[in-house]
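The values are calculated or read from the model by the stated rules, or taken from the named source; none is laboratory data. In this text, all values refer to a predicted model and were calculated from it rather than measured experimentally. In case anyone asks, the SASA skips ligands and DNA or RNA and just uses the protein heavy atoms, side chains included. Shrake-Rupley method; radii C 1.70, N 1.55, O 1.52, S 1.80 Å.
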Amino acid sequence: MGKSANTPKAAALRQKAEELLKNKPSKHDSQLSELENHKLIFELEVHQIELELQNEELRNAQAVADAAHD
């Protein structure tokens, strides 16, 4: 997907998310197996792609809405 993660807004959003995560109590204090780690990484990558696709849909919908107001 795109390079939108390099924008200042995306960087600020990531920083805010990291801060919220740091303040959230951890549910996973135990060691995870290598297989569990791979499964988690896969799930995170799938969710990231889903979010990127949703963001693209939102950008397209915003462009259509903007064009309708012109």
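Measuring nothing but protein heavy atoms, the accessible surface of the chain at 1.4 Å probe radius is 58 percent carbon and sulfur. Counting only alpha carbon atoms, the long axis of helix 34-69 and the longest principal axis of the chain meet at about 10°. Its Cα gyration tensor gives the chain an equivalent ellipsoid, and the semi-axes of that ellipsoid, as √(5λ) in whole Å with the largest first, are 33, 16, 10.
Only DSSP H runs of four or more residues enter the estimate; each adds -39500 (n - 2.57), and after division by the residues of the chain the mean residue ellipticity at 222 nm equals -26500 deg cm²/dmol.
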